[in-house]
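Comments concern the structure below.
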Amino acid sequence: MQLDFFPSRTLTLYLAKLFVVRILAVLVMLVLVLLALDLLAETGDILAVPGNGQAEIFEYASLRAPQLAARFLPYSVLLATLITLVTLNQNSEVVAMKAAGLSAHQVLAPLLLTAALVSAVSFGFNERIVTRANATLAAWQAAEYGPVPASDTGAGKPRANIYLTDGDNILSAATLTGTGVDIVLTGVTWYARAPGGIIREQIRAPRATFAAPGWRLENPAKFDVAGAVTDRPASLVVGEGLTPERIMLQSVDVDAQGFWELKASIDAYEAAGRNTDEMRAKWWHRLSGPLSALLMPLLGSVAAFGLARSGQLFVRAIIGMALGFAYFVVDNAALAMGSFGGYPPLLAAWAPFLLFLLLGETVLIRTEE
């Protein structure tokens with residue numbers, strides 16, 4: 001095997017350009033189709049809120065589109081790989097390149113380099129755009145597409161769907177804004193439970209603030225389950241065992257935090273003696289996830305070689321697609337296993353990548369080199 005993987009600058013640019021154009025075309029197509037389907041499901045809920053209109057629909061689309069792009073970029077790279085390699089094979093361009101003395105790895109090298117750049121761009125895109133879109137959209141959905149409550153101090157980005165336990169009792173909130181003693185909870189529900197989990201009281205309040213200790217519910221509605229009686233006291237203090245530090249730990253949204261911010265949250269959890277398997281698995285996956293784009297040219301390379309007129313080109317394309325989708329299935333399964341402690345987090349994030357990297361190299365070397 002020759003060690004000069006880029007013997008021709010012209011050929012490298014030609015293949016890279018073909019690959020990039022097809023990646024963008026497939027990604028745009030997937031995002032537009034999936035976004036249209038998503039809007040069909042969500043538009044009714046958005047417009048049900050008084051005052052919402054076309055601007056809010058466009059806002060939802062602008063927040064949802066980065067999520068879809070990040071999720072389906074590896075699939076786009078896989079499909080673009082197959083389209084590019086099948087086209088080159090049908091036009092006998094692969095035969096011409098091999099006749100000129102290029103090895104299979106040299107044919108794939110421009111695609112692998114392009115995929116590596118796509119992986120780097122994907123990581124930056126996830127860090128700078130997708131995490132912020134996740135946080136904003138989660139808070140907006142928790143407010144049922146109404147106005148998202150702002151913190152009194154304006155500090156801290158909104159967090160959604162807070163769920164905490166204080167002994168047998170439960171405190172839930174739709175959104176959290178602010179930090180430390182300035183935390184403001186909205187859409188609050190307090191469940192006072194007897195030993196054994198039986199609910200004695202349910203208290204709902206639109207807003208809660210830190211009362212040092214406990215959390216002061218403003219304009220609460222208190223329902224006594226045993227007597228079926230509703231009371232409306234001026235205010236109540238609940239959850240005296242819930243400190244702001246504990247709430248900040250409990251309300252961590254992994255998908256809304258950047259790489260280094262998530263690392264700090266993991267360190268804080270470990271310092272508090274909390275289990276961090278799920279968070280650490282997703283932290284490692286922040287690196288291995290974007291790198292999945294690098295695997296796609298290797299897994300789809302089976303479609304590049306073999307004579308197009310042999311009648312096996314379609315079968316080769318199906319094999320390449322099957323290998324690519326098998327990676328995504330194994331990757332998701334391993335990440336799920338790592339999240340509840342079935343696998344060590346490092347193994348859960350990196351084992352599928354390394355396994356399919358070796359598999360792709362083995363298939364390529366055994367069949368073409």
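The values are calculated or read from the model by the stated rules, or taken from the named source; none is laboratory data. Keep in mind that this is a model prediction, so the values were computed, not measured. Ideal geometry is used to build each Cβ from the backbone, glycine not excepted, and the neighbour counts take in all protein chains shown.
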Practice prompt. Say whether the condition of being part of a loop (DSSP other than H, G, I, E, B), at pLDDT 75 or above and among the aliphatic types (A, V, I, L, M) is met by at least one residue in segment 176-195.
Written response: yes
Discussion item. Here is a check on your reading of the model: is residue 168 surrounded by fewer than 20 Cβ atoms within 10 Å (Cβ to Cβ) and either out of contact with any helix residue (DSSP H, G or I) (no Cβ under 9 Å at 6 or more places or on another chain) or of a type in the set (Ser, Thr, Tyr) (or both)?
Written reply: yes
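Conditions tested, residue by residue: (1) closer than 28 Å to residue 51 by Cβ; (2) outside the structural domain of residue 74 (by TED's automatic domain parsing); (3) of a type in the set (S, T, N, Q); (4) at pLDDT below 85.
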site	(1), (2), (3), (4)
154	yes, yes, no, yes
198	no, yes, no, yes
203	no, yes, no, no
214	no, yes, no, yes
Item to complete: Kindly list the number of the only condition in (1) under 22 Å from residue 207 (Cα atoms); (2) surrounded by 14 or more Cβ atoms within 10 Å (Cβ to Cβ); (3) not basic (Lys, Arg) that fails for residue 240.
Response: (2)
Worksheet entry | Exclusive hit being in a helix (DSSP H, G or I) and basic (Lys, Arg), set 282, 222 | 282
Discussion item. Quick check on segment 204-212. Is at least one of its residues farther than 18 Å from residue 248 by Cα, in contact with a strand residue (DSSP E or B) (Cβ under 7 Å, 6 or more places away or on another chain), crowded, with 18+ Cβ neighbours inside 10 Å and of a type outside the set (Asp, Glu)?
Written reply: yes
Worksheet item: Taking only pairs six or more apart or across chains, which ones have beta-carbon atoms under 9 Å, a first residue in segment 255-283 that is in the same structural domain as residue 336 (by TED's automatic domain parsing) and under 23 Å from residue 64 (Cα atoms), and a second residue that is among the acidic types (Asp, Glu) and part of a helix (DSSP H, G or I)?
Response: 282/255
Discussion item. Just the residues that are over 16 Å from residue 176 (Cα atoms) and in a strand (DSSP E or B), please, taken from segment 199-219.
Written reply: 199, 200, 201, 202, 203
Fill in: Residue among 106, 90 that alone is surrounded by 20 or more Cβ atoms within 10 Å (Cβ to Cβ) and at pLDDT below 90
106
Worksheet item: Considering segment 1-34 alone, what residues qualify as being touching a helix residue (DSSP H, G or I) at 6+ places or on another chain (Cβ under 6 Å) and without any contact (Cβ under 8 Å) to a residue 40 or more places away in the chain?
Response: 34
Worksheet item: Looking at 115, 120, which one is out of contact with any Lys or Arg (no Cβ under 8 Å at 6 or more places or on another chain), buried (at least 18 other Cβ atoms within 10 Å of the Cβ), modelled with pLDDT of 90 or more and assigned to a helix (DSSP H, G or I)?
Response: 115
Worksheet entry | Flag if residue 335 is without any contact (Cβ under 8 Å) to a residue 60 or more places away in the chain, touching a Lys or Arg at 6+ places or on another chain (Cβ under 8 Å), among the aliphatic types (A, V, I, L, M) and in a helix (DSSP H, G or I) | yes
